[in-house]
1. Which residue is least open to solvent (accessible area, probe 1.4 Å), if the candidates are limited to segment 19-41 and must be of a type in the set (Lys, Arg) and part of a strand (DSSP E or B)?
2. For residues in segment 48-76 being modelled with pLDDT under 75 and surrounded by 10 or more Cβ atoms within 10 Å (Cβ to Cβ), which is nearest to PHE36 (Cα to Cα)?
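The values are calculated or read from the model by the stated rules, or taken from the named source; none is laboratory data. Computed from a prediction, not measured in an experiment: that's the story for all the values here. A quick note on method: Cβ atoms are made from the backbone with ideal geometry, for glycine too, and the neighbour counts reach across all protein chains shown. Areas reflect the complete protein model, heavy atoms only, side chains present, ligands, DNA and RNA absent. Shrake-Rupley method; radii C 1.70, N 1.55, O 1.52, S 1.80 Å.
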Amino acid sequence: MASHPTAPGAGRQGGFDPMRKYVRVRELRPDRFVEFDFAIGEPDIYVEMILHADAFDDFCALNQVTFLTDAPSASGDQQQWRLSEVSGRQFK
């Protein structure tokens with residue numbers, strides 16, 4: 001089966017590896033909470049998370065994460081948004 005060229009991970013060697021975990025730090029807040037993206041196997045498919053700095057350090061060590069410094073690929077998606085950017089807004 002051929003992979004779709006715009007699919008996450010398309011063209012990447014090795015395929016999906018559920019043992020690889022990724023973290024992309026979004027914000028270090030003044031209250032010592034860390035906002036970050038967490039992904040398993042594929043860095044472009046992630047969940048938004050927030051943990052206190054101490055818990056974040058433990059979480060990263062326990063999961064043996066790879067830290068990402070690049071922005072996630074938008075894959076041409078103009079509709080992409082973050083939950084943290086729209087929380088508190090009313091949608092109709």
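1. Of all residues in segment 19-41, those of a type in the set (Lys, Arg) come to 20-21, 24, 26, 29, 32.
Remaining after also requiring part of a strand (DSSP E or B): 21, 24, 26.
Numbers: LYS21: 42, ARG24: 13, ARG26: 93 Å².
So the residue we want is ARG24.
2. Keep residues of segment 48-76 that are modelled with pLDDT under 75, which gives 71-76.
Keeping just the survivors that are surrounded by 10 or more Cβ atoms within 10 Å (Cβ to Cβ) gives 72-75.
Numbers: PRO72: 12, SER73: 16, ALA74: 17, SER75: 20 Å.
Per the criteria, the residue is PRO72.
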